[in-house]
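I have placed the structure first, in the form of structure tokens, so that the comments after it can refer back to it.
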Amino acid sequence: MELSDKLLEQYMETAINDKEVNVFLGFIEGLILDDSINNEEIASLQHWMESNAEVYCNYPFDFIVKSMTQLLNSNGDVIAENKSNFLQVLQLFLSKKFYKRNTSDIQRLHGLLAGTVCDQTLSHVELKALNQWLKDHDYLEDDIFFQEIFTTLRPVRTKPELNDHDISSIFKQIQKYVNVEQHGTLKTNLDSNNNPDFYKGELNLDKALYCFTGTSDRFKKKDWKNLVENNGAQFIDDMTTSVNYLVICNKGNKAWAHVSYGRKFEQAKKWQSQGHNIKIITEDDFVKAIGLDEA
């Protein structure tokens, strides 16, 4: 391995560790968002810690979990007078060694959503508390992920009571980013089914400009470049408003700063909202379009 690769590996490790801390803090906060914690949520917390024991079973995570148990009474309800102090403790551990404050808090929001729905339920109480969290962190309003969740919670702000359809729609939106049936683990692999972010129509290959993000089991970046150009399209490494298609590779990237899809995805979404015709597709859909579908 060349020196440059080693440096890159170290660089990414710092980013991944920072993200792990911030997401986990949000997850803990999501567990107690409705001022209680149930058996399913406890099981999810155990799953998170056991599935990544080398991280979550060490300081500061072990200290945070111990502090959380002291926050609860015998029924699993949060002792109100202790909650504000506990949340302040969480803030002390928010990691900003690699990422800036806004990015750290967006990572925390992703974890917060996971902690809220890890028991596969979503209550009106939780939604009101989540909406209040967004209001309290409105300095994040320029972030596309924040905007999406804030818009999703509009019924919470406009209706005196939510019906089952309202809650189901919000739950479904959160499922874009969280594996609800897997203890609220965060999604890293893409699923374009029933996901409005992803274009499912016919692709244009004739001189169209393609940009890729994330990593793939199929090819390395230079191979994607050759494949794109051999099919009459153009390859570009960086996102610009001229990009026609952004291809999200299946393996994602653990070091992506934002949620599951990375900054290129968020930039594309932002430019879409400004009227630019950028289509977001998955690696699988691109492969099918050029006739390399392995199925």
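Readers should treat all values here as calculations from the given coordinates under stated rules, not as data from a laboratory. The structure displayed is predicted, hence computed values, not measured ones. Cβ sites come from the backbone with ideal geometry, for glycine too, and all protein chains shown count toward neighbours.
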Would you kindly state how much longer the chain becomes between ASP223 and THR240 on full extension, computed as 0.36 nm times their sequence separation minus their alpha carbon distance, in nm to one decimal? 4.0 nm
Out of GLY201, HIS124, PHE61 - ranked by how far each Cα lies towards the positive end of the dipole of the chain, with unit charges on the beta-carbon of charged residues - the top one is GLY201
Once the Cα atoms of helix 101-117 and of the chain are each reduced to a long axis, what angle between those two axes, in degrees from 0 to 90 to the nearest 10, is obtained? 70 degrees
For the stretch 167-235, which GluC sites (Glu not before Pro) are both in a DSSP coil and crowded by at most 14 other Cβ atoms within 10 Å? GLU202
Can you tell me the 0 to 90 degree angle between the C-alpha axis of helix 61-71 and the longest principal axis of the chain, rounded to 10? 40 degrees
Please tell me the relative contact order of the stretch 209-289 in percent, rounded to the nearest whole number, where contacts are Cα pairs under 8 Å and at least six residues apart. 35 percent
For the charge dipole of the stretch 3-186, defined by +1 on Lys and Arg C-beta atoms and -1 on Asp and Glu C-beta atoms about the Cα centroid, which residue among ALA80, LEU153, PHE27 has the Cα displaced farthest towards the positive pole? LEU153
Convert each backbone phi in the stretch 120-127 into a coupling constant with the Karplus relation 6.51 cos²θ - 1.76 cosθ + 1.60 (shift: θ = phi - 60°), then list the ³J(HN,Hα) values in order as whole Hz, x for Gly and Pro. 6, 9, 8, 9, 4, 4, 5, 5
Using alpha-carbon positions, the gyration tensor of the stretch 45-103 gives root eigenvalues a ≥ b ≥ c; with a/c under 1.5 called rounded, otherwise prolate if a/b exceeds b/c, else oblate, the class is oblate
Where does the charge balance sit around SER84 when Lys and Arg score +1, Asp and Glu -1, over other residues with C-beta under 15 Å from its C-beta? -3
In the chain the DSSP beta bridges are antiparallel at a rate, in percent to nearest 5, of 30 percent
Centroid-to-centroid separation of the stretch 32-109 and the stretch 146-166 [C-alpha atoms, Å]: 25 Å
With an 8 Å Cα cut-off and a minimum separation of 6 or more residues, compute the relative contact order for the chain in percent. 19 percent
Of the listed values [x] 1.00; [y] 1.07; [z] 0.95, grab the one calculated as Cα Rg over 2.2 N^0.38 Å from the structure here. [y]
Given the Cα-Cα distance of LYS128 and LYS200 and 0.36 nm per residue of separation, how much length would full extension add, in nm? 22.5 nm
Work out the FRET efficiency for GLU40 and SER273 from their Cβ-Cβ distance, taking R0 = 45 Å, and round it to the nearest 0.05. 0.80
Cα gyration tensor shape for the stretch 209-289, rounded if a/c is under 1.5, else prolate or oblate: oblate
Ordering of 27-40, 234-247, 69-82 by packing [mean C-beta count within 10 Å, highest first]: 27-40, 234-247, 69-82
Enter the angle in degrees (range 0 to 90, nearest 10) between the Cα long axis of helix 39-51 and the first principal axis of the Cα atoms of the chain, meaning the one along which they spread out most. 50 degrees
The size of the Cβ-based charge dipole (Lys, Arg +1; Asp, Glu -1) of the chain about the Cα centre, to the nearest 20 debye, is 800 debye
Residue-span extension gain [ASN17 to ILE79] - 0.36 nm each, minus C-alpha spacing: 19.2 nm
